[in-house]
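Working notes, structure below.
Coordinate-derived values only; no laboratory data. Everything numeric here is computed off the predicted structure, so don't read it as measured data. All Cβ positions, even for glycine, are placed from backbone atoms using ideal geometry, and neighbour counts span all protein chains on display.
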């Protein structure tokens, strides 16, 4: 017992020593754009708010016995991803490309990531770009939690997120945004994360749901315990999405403005589409459905936000509302119990948005966004359409297979699921010894 505390302290000391030996190089040199820096600071805060907003959105859709579990899991994701990103994840995603597969270790422990110079992005310090991208890594990992809610063990999630952030998220981010092989072999566009964030999280969620199995038959699966909480969480997500998409311009310019405009339009079109379909099918538009529809529209416009105009945004929003509604309706026919429709909304919505970008990208807008000559299928851009299909497929297959392998491997060494009795009592009491409501 006398070594019970000493060993963890010694391990932490070793990590601190290694980090100290790799202190970041800080430079005051470089040309910075104060307006863009200010906007990206605001955008970073907006995207940061999305992860707690997602926790509320998810928690409201679960049983009251699972609320603290979802909040606790989301908080731990924020902790884990932050530490993994600043030590290793960022350099794997944005370090100098190694054969197009992953970034090198030049930025390990934030080494060579200055606060006052601009090397990766014009006008912004590298440290600011790193922080902005951290918020994307964070929300992507948190999205996955919805698929295995109410039955996954906290410790299994911790182990999975650490490994997944390094071997799934970071490489995919490198392929798309960090100079990886997508840029070398395909004509493709992903403005704010249709593949990196939504397809990646959606198919990962599907893989985990298949491994962990369905919730018990005695669990009330389709009765959200707190719809106002869902609405608040959805509103925070919508609010934060202006930073998510608008900030991805990485400058205070017209492309950022356009991204914010089409974000609003697509969300509205998708929410209205979802409500209309629900009304035609059931005779009433549900609030939960319309909020989910808005999220689907936000997902759909994400890869296209810097490359399409308002009318294209309406088309993308309508498609996102319709396709994601159909995916949610069909999920009950399949074996996977994706508790909170992560694949149906983010996987399907992200794929639709990426493909729609290949169809609808407007040449004049893509040129302003720095993609000269790139145009959608309706303008004769067959290479972009083919590239979008290829990158969607590669991202989906890689994220699904590797996530499946990681979670199955973890399951060989520890229990990843609560026992049936524990599941019935609820993860709040079993895992955290807390309750959301003192009733």
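Annotations
- Qualifying residue in region 369-376 (condition: surrounded by 15 or more Cβ atoms within 10 Å (Cβ to Cβ), out of contact with any helix residue (DSSP H, G or I) (no Cβ under 6 Å at 6 or more places or on another chain), over 16 Å from residue 194 (Cα atoms) and touching a residue at least 12 places away in the same chain (Cβ under 8 Å)): yes
- Scanning region 383-404 for residues that are closer than 23 Å to residue 210 by Cα and surrounded by 15 or more Cβ atoms within 10 Å (Cβ to Cβ) returns 392, 394, 395, 396, 398, 399, 400, 402, 403, 404.
- Residues in region 144-200 that are in contact with a strand residue (DSSP E or B) (Cβ under 8 Å, 6 or more places away or on another chain) and not in a helix (DSSP H, G or I) were compared, and the one that is surrounded by the fewest Cβ atoms within 10 Å (Cβ to Cβ) is 179.
- Scan region 107-116 for residues that are assigned to a loop (DSSP other than H, G, I, E, B), more than 25 Å from residue 395 (Cβ to Cβ) and in contact with a helix residue (DSSP H, G or I) (Cβ under 7 Å, 6 or more places away or on another chain) and the total you get is 3.
- Residue 393 being part of a loop (DSSP other than H, G, I, E, B) and free of Cβ contacts under 8 Å to residues at least 40 places away in the same chain: no
- Within region 295-334, the set of residues being outside any helix (DSSP H, G or I) and in contact with a helix residue (DSSP H, G or I) (Cβ under 7 Å, 6 or more places away or on another chain) comprises 305, 306, 307, 308, 309.
- Test: residue 273 is part of a helix (DSSP H, G or I), in contact (Cβ under 8 Å) with a residue 12 or more places away in the chain and over 22 Å from the mean Cα position of the chain (by Cα): yes
- Residues of region 335-368 that turn out to be part of a loop (DSSP other than H, G, I, E, B) and without any contact (Cβ under 8 Å) to a residue 40 or more places away in the chain, as a count: 0
- Scanning region 421-433 for residues that are in a loop (DSSP other than H, G, I, E, B) and over 28 Å from the mean Cα position of the chain (by Cα) returns a single hit, 433.
- Among the conditions (1) surrounded by fewer than 21 Cβ atoms within 10 Å (Cβ to Cβ); (2) out of contact with any strand residue (DSSP E or B) (no Cβ under 7 Å at 6 or more places or on another chain), the only one that residue 244 does not satisfy is (1).
- Counted residues, region 94-106 - those being touching a helix residue (DSSP H, G or I) at 6+ places or on another chain (Cβ under 6 Å) and within 11 Å of residue 178 (Cβ to Cβ): 3
- For region 249-261, a residue qualifies if it is part of a helix (DSSP H, G or I), farther than 16 Å from residue 316 by Cβ and in contact (Cβ under 8 Å) with a residue 60 or more places away in the chain, and the qualifying residues are 249, 254, 255, 256.
- The single residue among 119, 113 that is surrounded by fewer than 23 Cβ atoms within 10 Å (Cβ to Cβ) and in contact (Cβ under 8 Å) with a residue 60 or more places away in the chain turns out to be 119.
- If the condition is being assigned to a loop (DSSP other than H, G, I, E, B) and either out of contact with any helix residue (DSSP H, G or I) (no Cβ under 9 Å at 6 or more places or on another chain) or buried (at least 18 other Cβ atoms within 10 Å of the Cβ) (or both), then region 122-136 contributes 124, 125.
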